[in-house]
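Structure first, commentary second.
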Amino acid sequence: MNLKVDTRSVGEGIAVIALTGEADVYTSPRVKQVIGELLDQGARLVVINLEDVEFLDSTALGSLLWSLRRARERDAGFRLVCSKRRILRVLEMTGLARIFEVHPSDAAALEAAPV
């Protein structure tokens, strides 16, 4: 299965990226590219929606970490949306749930404290 990457602007400098499918070694470079381009274009907040991700491997986790570092370098916010127990468990088992700001919905991520 491939990974579908849908990006939408929800305000000036605010982007929501919805991922659908498998985030793995083959698809992670595309995710990094999209996030990198948004940050290079001046995004102040990037929200990654993982609700429709069926599989997340270590390469995908590394891409999300890279993206978080890149966002912090640019003083931008970076938030994940995930309520799927299976994906949340991966984040918890790897300790990344303590590093990423994880919200149960796009609305909750967007309503959180401003960046």
The chain - mean residue ellipticity at 222 nm from DSSP helices (-39,500 (n - 2.57) per run, n ≥ 4, rounded to 500)
-11500 deg cm²/dmol
So if each residue of separation counts as 0.36 nm, and I subtract the Cα-Cα distance between residue 96 and residue 51, what length gain in nm does that give?
14.5 nm
Give the label of the value calculated from the structure for Rg/Rh (Cα atoms, Kirkwood Rh), choosing from [x] 0.92; [y] 0.98; [z] 1.43.
[x]
Compute the length gained on full extension between residue 84 and residue 33: take 0.36 nm times their separation in residues and subtract their Cα-Cα distance, giving the result in nm to one decimal.
15.9 nm
DSSP bridge orientation in the chain - percent antiparallel, rounded to nearest 5
30 percent
Under a plain spin-label model, where a point goes 7 Å from the Cα along Cα-to-Cβ, how far apart in nm are residue 9 and residue 111?
2.5 nm
A chain fully extended from residue 72 to residue 41 at 0.36 nm per residue, minus the present Cα-Cα distance, gains in nm 9.7 nm
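Every number here is computed from the coordinates shown, using simple stated rules; none is lab data. Source: prediction; values computed, not measured. Counting neighbours? That spans all protein chains shown, and the Cβs are built from the backbone with ideal geometry, glycine included.
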